[in-house]
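The values are calculated or read from the model by the stated rules, or taken from the named source; none is laboratory data. The structure presented is a predicted model; accordingly, all values stated were derived computationally and were not measured. Here Cβ is always computed from backbone atoms with ideal geometry, including for glycine, and neighbour counts include all displayed protein chains. Side chains are part of the model used for accessible areas, which takes the heavy atoms of the whole protein and leaves out ligands, DNA and RNA. Shrake-Rupley method; radii C 1.70, N 1.55, O 1.52, S 1.80 Å.
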Amino acid sequence: MENFAELNELSFSRDGRLIFDGINLKIPKGKVTAILGPSGTGKTTLLRLISGQLKPDSGDILVDGLSVPRLSRGDLFALRKRLSLLFQSGALFTDMNVFENVAFSLREHTRLPEHMIRDLVLLRLQSVGLRGACEHMPSQLSGGMARRVALARSMALDPELIMYDEPFTGQDPISMAVLVKLIRSLNDQLSLTSILVSHDVEEALSISDQVYVLSHGRVIGEGTPEQVRQSQNAELKQFLFGHVDGPVSFHYPSKPLEQEVLPL
Amino acid sequence: MMVKALMNRIGYLGLWFLNICAAVGRAAWFFTQILSWGAGFKAPFKRLLIQIYQLGVLSLPIILVAGLFVGMVLALQGYHILVSYGSQEAVGQMVALSLLREFSPVMTALLFAGRAGSALTAEIGLMKTTEQLSAMEIMGVDPFKRVMAPRLWGGIITLPLLTLMFSVLGIYGGAFVAVEMLGIYDGSYWGNMQNSVEFYEDIVKGVVKSVVFAVTVSWIAIFHGWNAIPTSQGISRATTATVVQASLAILALDFVLTAVMLGGF
Ligand SMILES: Nc1ncnc2c1ncn2[C@@H]1O[C@H](COP(=O)(O)OP(=O)(O)OP(=O)(O)O)[C@@H](O)[C@H]1O
Ligand SMILES: [Mg+2]
């Protein structure tokens with residue numbers, strides 16, 4: 001199986017805190033790979049590393065055979081035209097309306113005539129259920145709507161690799177179901193490669209071909225959704241089933257509570 | 001103990017100095033990055049027009065009103081100085097020369113730093129905070145070219161034009177005070193002015209000053225926006241830094257430029 005992206009022995013630290021400690025990840029071409037993990041483990045950081053916005057301390061990141069940390073600025077921008085990233089925050093351009101946001105990369109990177117851009121944009125908006133909102137400004141959208149517009153924007157240019165950072169946050173059950181289907185069908189119809197970062201374990205497992213679970217800078221579980229579900233690893237089980245007690249701490253690393261808070 | 005405290009102080013001083021050097025280096029590198037036109041002609045030109053509108057047209061009211069008042073004050077002050085030598089007829093010449101050489105470039109640049117520079121910093125800082133610049137980068141579009149370059153060029157084009165308008169309004173303001181209120185013969189107000197103002201010496205040199213100020217203010221403003229810490233407090237600090245540093249830079253550069261232009265060295 002060919003890999004579209006590979007992370008080899010990747011280490012990365014921020015403000016002296018090690019976030020990744022020599023992790024290995026393979027993103028197979030044409031598949032949906034889910035990346036799960038507790039809040040704050042570095043899932044967003046991982047996507048930023050893959051897109052070349054952050055540079056690793058050591059190790060290598062290969063995207064379609066190119067070593068991202070070693071690319072020149074020009075080559076990096078050329079590579080990025082083939083990738084897309086759905087930001088956790090949406091990151092819509094606030095000075096453009098919904099239509100122009102989705103049309104942005106089409107206008108920047110293609111010379112399509114206006115009527116084709118219009119059709120493409122409206123189709124994208126239709127698929128996220130927001131064709132009727134194309135005249136709205138981002139400030140007039142709800143959080144969930146803004147995220148769906150951002151999703152439409154990230155699909156606009158038919159990228160080869162789409163990275164979704166928490167696409168389901170803030171969606172009601174109906175739009176959640178639509179988005180789950182959309183991500184899967186996009187991947188299959190356009191033969192893209194998808195990376196899905198999510199906290200919604202069930203949804204993520206239901207549409208992915210392959211899963212990685214990260215915790216404390218390491219990969220604690222990998223395989224098909226079935227293999228991951230059946231794993232006996234205590235850390236993994238605790239995360240998947242949401243138990244409060246277990247090896248994974250809910251707390252950010254800190255001194256024991258007794259040392260910081262006065263005895264009651 | 002004393003020695004150690006002293007060494008610490010010296011250490012901080014050194015660190016402070018190194019940080020400033022690093023910031024200047026970053027700003028210089030940044031300048032080379034944003035000094036680009038972008039691909040093609042039509043799209044960058046359209047973006048430039050938008051910036052000329054944002055930075056220039058929207059600054060017009062404050063510039064025009066300020067020019068009018070500065071010209072009026074200059075005429076009033078000039079008249080009272082000149083009248084003691086009996087040469088109040090030269091007030092037109094005095095108003096025009098002080099405006100063209102000093103007041104217009106400096107005052108317009110200061111107002112521009114407060115009105116347009118702070119807005120630039122806040123706008124770009126907010127785009128950074130809300131990850132819009134990151135999003136653009138990831139979509140393969142360079143924000144240096146797409147967002148910052150048109151703003152730099154917009155500033156470089158508009159400030160000299162605003163400066164000229166400031167002068168025009170100031171001269172009319174001066175005429176109003178001198179001719180209508182103080183009773184100077186309007187032929188001598190305009191005639192003296194035409195005889196003494198030289199195109200190269202006064203107008204061109206004033207415009208050169210304002211071009212230098214335009215580059216400085218726009219550069220400082222855009223740099224602070226891009227360099228802002230992505231929080232609301234970070235943006236407010238960056239905005240303040242823009243206004244303070246741009247204003248001081250204008251005044252210091254004005255002295256240097258004036259000295260060079262008058263050949264005082
Ligand atoms: N700009 C930054 N500077 C310093 N540390 C940061 C910065 N951004 C993130 N971190 C740290 O990096 C770690 C990973 O952050 P990241 O945003 O990648 O987590 P995440 O897995 O995406 O979490 P979530 O699921 O909550 O989105 C966090 O512990 C955070 O404290
Ligand atoms: Mg995240």
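Under 5 Å from the amide H of A:Ser58 lie the amide H atoms of A:Ser11, each residue being 5 or more positions distant or on a separate chain, with H modelled from the backbone and absent for Pro and chain starts. Along the positive direction of the dipole of segment A:158-264 (beta-carbon charges: Lys, Arg +1; Asp, Glu -1; about the Cα centre), which of A:His243, A:Val213, A:Met163 reaches farthest? The listed residue farthest towards the positive side: A:His243. Across chain B, the relative contact order, built from alpha-carbon pairs under 8 Å that are at least six residues apart, equals 31 percent. For B:Trp190, the shell of other residues with beta-carbons less than 15 Å away shows a net charge of -3, using +1 for Lys and Arg and -1 for Asp and Glu.
Interface between chains B and A: roughly 1800 Å² of accessible area buried, both sides summed (probe 1.4 Å, protein heavy atoms only). Here segment A:7-74 exposes an accessible surface that is 47 percent carbon and sulfur, computed with a 1.4 Å probe and the other protein chains kept in place. Computed packing ranks the peptides B:103-116, A:101-114 as B:103-116, A:101-114, most packed first, by mean other Cβ atoms within 10 Å. Using every pair of separate Cα atoms, the Kirkwood estimate puts the hydrodynamic radius of segment B:182-265 at 15.7 angstrom. Positive contributions from Lys and Arg (+1) and negative ones from Asp and Glu (-1), summed over other residues with Cβ under 10 Å from the Cβ of A:Ser84, come out at +2.
Checked against a 29 Å cut-off, the cross-linked pairs A:Lys255/B:Lys4; A:Lys181/B:Lys128; A:Lys81/B:Lys46; B:Lys145/B:Lys209; A:Lys237/B:Lys128; A:Lys43/A:Lys237 give Cα-Cα distances beyond that limit for A:Lys255/B:Lys4; A:Lys181/B:Lys128; A:Lys237/B:Lys128. With 20 Å² as the minimum drop in accessible area between chain alone and full protein complex (1.4 Å probe), the qualifying residues in segment B:138-157 are B:Ile138, B:Met139, B:Gly140, B:Val141, B:Asp142, B:Arg146.
Taking only protein heavy atoms and a 1.4 Å probe, the accessible area of segment B:44-261 is 70% carbon and sulfur. Counting protein heavy atoms only, segment A:95-158 has 51 percent of its accessible area on carbon and sulfur, 1.4 angstrom probe. Ignoring aspartates and glutamates fewer than eight residues from A:Lys26 along the same chain, the ones with Cα atoms less than 17 angstrom from its Cα are A:Glu2, A:Glu6, A:Glu9, A:Asp60, A:Asp64, A:Glu160, A:Asp209, A:Glu222.
This model, with +1 at the C-beta of Lys and Arg and -1 at the C-beta of Asp and Glu, gives the protein assembly as shown a dipole about its Cα centre of some 400 debye.
Note that segment B:137-146 has calculated 3J(HN,Hα) couplings of 4, 5, 7, x, 10, 7, x, 4, 7, 7 Hz, one per residue in order, obtained from phi through the Karplus relation 6.51 cos²θ - 1.76 cosθ + 1.60 (θ = phi - 60°); glycine and proline are x. Our coupling estimate for segment B:190-201, obtained by passing each phi through the Karplus curve with A = 6.51, B = -1.76, C = 1.60 and θ = phi - 60°, is 6, x, 4, 5, 5, 6, 9, 6, 10, 4, 6, 4 Hz, Gly and Pro reported as x. Excluding same-chain residues fewer than 8 positions from B:Lys42, which aspartates and glutamates have a Cα within less than 19 Å of its Cα? Result set, ordered by chain and number: A:Glu100, A:Glu108, A:Glu114, B:Asp142.
Helical runs (DSSP H, four residues minimum) scored at -39500 (n - 2.57) apiece and divided by the length of chain A put the mean residue ellipticity at 222 nm at -10500 deg cm²/dmol. In the context of the full set of protein chains, residues of the protein assembly as shown present 50 Å² of accessible surface per residue (probe radius 1.4 Å, heavy atoms only). Legend: residues in segment A:60-88 shielded by at least 30 square angstrom of accessible surface upon adding the remaining protein chains to the isolated chain (1.4 Å probe, heavy atoms) are A:Arg73, A:Phe77, A:Arg80, A:Phe87. When you restrict to C-alpha pairs under 8 Å that are six or more residues apart and normalise by the size of chain A, the relative contact order lands at 24 percent. What the Cα convex hull of chain A gives, in volume per residue, is 164 Å³.
If one computes the Cα centroid of segment B:92-108 and of segment A:113-154, what distance in Å separates the two points? So the two Cα centres are separated by 52 Å. Here the protein assembly as shown is treated as a Stokes sphere of Kirkwood radius computed over C-alpha pairs; at 20 °C and 1.002 mPa s its diffusion coefficient rounds to 79 µm²/s. Dividing the helix sum by the residues of chain B, where each DSSP H run of 4 or more adds -39500 (n - 2.57), gives a mean residue ellipticity at 222 nm of -24500 deg cm²/dmol. Over segment A:95-158, the Kirkwood radius and the radius of gyration, each from Cα atoms, give a ratio Rg/Rh of 0.94. By the scheme Lys and Arg +1, Asp and Glu -1, what is the net charge of all other residues having a beta-carbon under 14 Å from that of A:Glu100? Taking every other residue near A:Glu100 into account, the sum is +3.
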